[in-house]
Amino acid sequence: MGDRGDQDPNIYNHVSGGHFQGPLYQIRDVHGNINFTWAAPPQSPEEIAFRRQVIEETRRQWARQDRERVAARTRAGCGCLAPVAVIVGIVVFYNVTHDVISTVFFSLFAIPVIIGLLGGGRRR
């Protein structure tokens, strides 16, 4: 080939660990650009139709997932307003009774309500 590897026995080229078809390049130093170009293999009409179906099905699944995400957000509905209403109820209860012990016990019953309103008790 005319490179130094043909003349110098200390320089060798060994590639292992795979199956290679076509030209194989092992490059050490590059000064400038390297451009590899190739022609795509021709596709059969069946392959083109199959790829089109896969792309359309993927888009349908993405759209369905988007709809499910929006529906899940709207099902959550009360968001943070319901827990805020429960907390306000506890504060009002304390202001009416001025009894700390009764308010603590009342709030212990309110905690599961808050968790339920936040959707913490739902299994998916």
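Points worth noting:
- Calculated FRET value between Val96 and Ala72, using beta carbons and R₀ = 41 Å, to 0.05: 0.60
- Taken one residue at a time, the phi angles of the stretch 54-63 give Karplus couplings (6.51, -1.76, 1.60, θ = phi - 60°) of 5, 5, 5, 5, 4, 5, 5, 5, 4, 5 Hz. Gly and Pro are set to x.
Computed from the coordinates by the stated procedures, all read-outs in this text should not be read as laboratory data. Not measured: the values here are computed from a predicted model. Cβ coordinates were reconstructed from backbone atoms using ideal geometry, including for glycine residues, and neighbour counts include every protein chain displayed.
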